1. Can you tell me which residues in region 1-34 are among the hydrophobic types (A, V, I, L, M, F, W, C), at pLDDT 95 or above and part of a loop (DSSP other than H, G, I, E, B)?
2. How many residues are exposed (fewer than 13 other Cβ atoms within 10 Å of the Cβ) and either touching a strand residue (DSSP E or B) at 6+ places or on another chain (Cβ under 8 Å) or touching a residue at least 60 places away in the same chain (Cβ under 8 Å) (or both) when one looks only at region 128-142?
3. Quick one: count up the residues across region 254-270 that are part of a helix (DSSP H, G or I) and among the aliphatic types (A, V, I, L, M).
4. Within region 149-236, considering only strands (runs of 3 or more DSSP E) that don't extend past its boundaries, which have at least 1 residues that are closer than 22 Å to residue 82 by Cβ, more than 16 Å from the ligand (Cβ to nearest atom) and touching a helix residue (DSSP H, G or I) at 6+ places or on another chain (Cβ under 9 Å)?
5. Could you figure out which of (1) of a type in the set (A, V, I, L, M, F, W, C); (2) within 16 Å of the ligand (Cβ to nearest atom); (3) under 20 Å from residue 119 (Cβ atoms) isn't true of residue 74?
6. Please determine whether any residue of region 25-46 is within 16 Å of the ligand (Cβ to nearest atom) and touching a Phe, Trp or Tyr at 6+ places or on another chain (Cβ under 9 Å).
7. Do you know which residues across region 64-88 are farther than 16 Å from residue 159 by Cα, among the charged types (D, E, K, R) and touching a residue at least 24 places away in the same chain (Cβ under 8 Å)?
8. Among what's in region 238-253 and is part of a loop (DSSP other than H, G, I, E, B) and within 12 Å of the ligand (Cβ to nearest atom), pick the residue that is surrounded by the most Cβ atoms within 10 Å (Cβ to Cβ).
Amino acid sequence: MTDTPSRHIVDGLVGAIGNTPLIRLRGLSEETGCEILGKAEFLNPGGSVKDRAALAIIRDAEARGTLRPGGTIVEGTAGNTGIGLALVGRALGYRSVIVLPRTQSQEKKDAIRLAGAKLVEVDAVPYKDPGNYVHYSGRLAAELAKTEPNGAIWANQFDNTANRDGHYRTTGPEIWDQTGGRIDGFTCAVGTGGTLAGIAMALKERDPKVQIALTDPLGASLYNWYAHGELKAEGSSITEGIGQGRVTKNLEGMPLDWAQQATDEEALTILFRLAKEEGLLLGGSTGINLAGAVKMAQRLGPGHTIVTILADHGSRYQSKLYNPEFLREKGLPLPDWLETAA
Ligand code: PMP
C-alpha cells in the first residue's frame, strides 16, 4: 500500500505563527498529581507569545485602513512585541520603530535591531511619568504619522483590544482543541493582559467551569487589585514583560476566578529544574507562569488538567537569569550545574 502524503505548508513567517504544541511537563505533573501542560509559545518564529499579538494588531490596523502599504508601526514594548512587530512588519512590507526601556536584556535589543526595526531606548520610569516608554511611543507615533510618507500607526498593545482578540481567536481555541476540552484550569502572568484575557474568554465561553487565575510576580499591583480591590504593589521582580500596574483595556471584562502571586525564587527554582531535568530552557515570565500552575494544582487538588504559557526561550536571558554572576549579585538561587555550564 502506498501512502498518499498530504501537503502541510504554511505561507511565510506569518503562516508559521501559532498552532504551537502543548507540552506535558513530566516533573511538575508527577509532583502535583495534576496534568501540567505548557503551550509552547517560544516556538513562534519571533521566539515568543507576542508574535500573535503583533500579527493581530497589524491585521486589525490593515482592516481598518489605518496601516497603509509601506507604513510605519511604532510601539513601546518590553522587547518581545517589538521583535514580533518588526519581523511581521518586514514580512508584510512595513517599517517599525520600537521604544524600549533601557533595562531590558541586551539579547532582546539585539534581536529587535536584527529584525530591522529602529530602536529607541528610554529610561525605565513609572507609567505616570510622561517619559514612560508607553507614552513616549504614543507621542512618537503621532509625530511620525505627520512626517512619514506612508503614515504611521501606534500599535498600543496595552489598550488595543486587537491584542486580546488575537488570543481569543487563536490561542484559546487551540488549547481547547489540544486538550480535547478536558481542561480544568488556566493561569498565566500579565503584561498587557492580552494573553490571559483572550484565553480566559475563549475557554469560559466553551466551559464556564474552567478556572482562570492570574499569577502576578511581586511588584505588580494587579494581584492586590483582584484580591483586595486596591492597586498597590510590594516587592520587585527580575522577570521581564510581566507585572502590570493598572487595569489595561485588554483586561477589562476578563472572567477571573482568583489572583495569586509567585516569587522570583519560586519561578527560578522551577525554571532551573525544567532546564536540568527536561531540557526546556525558558524565560523568567514562564517561571512565574509555572509556579502559578503549581499553585493552581495545589488549590484544585490532584487529577486536574492545568494549562499555562511557555512565553519565550531562555536564550533571550542568558546574560541575566542564566548568568551565575547576575544571580549571585541578586542573591537568587544558583544551581551547581549552571555554575559549571556557564
Ligand atoms: N511573557 C513575556 C516574556 C512577555 O514578553 C510578555 C509580553 N510583554 C508576557 C509574558 C505577557 O503577555 P501579555 O502582554 O499578553 O500579558
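1. 9, 10, 16, 17, 25, 34
2. 2
3. Restricting attention to region 254-270, the residues satisfying the condition of being part of a helix (DSSP H, G or I) are 264-270.
Subsequent filtering for residues that are among the aliphatic types (A, V, I, L, M) retains 267-268, 270.
Number of matching residues: 3.
4. Passing ranges, in order: 152-154.
5. (2)
6. Taking region 25-46 first, the residues within 16 Å of the ligand (Cβ to nearest atom) are 38-46.
From the residues that got through so far, the ones that are touching a Phe, Trp or Tyr at 6+ places or on another chain (Cβ under 9 Å) too are none.
No, the conditions are met nowhere in region 25-46.
7. Hit for region 64-88 is 68, nothing else.
8. Ranking the candidates gives 239 first.
The values are calculated or read from the model by the stated rules, or taken from the named source; none is laboratory data. Since we're looking at a predicted model, the values are computed, not measured. In this analysis, Cβ positions are derived from the backbone assuming ideal geometry, glycine residues included, and neighbour counts consider all displayed protein chains.
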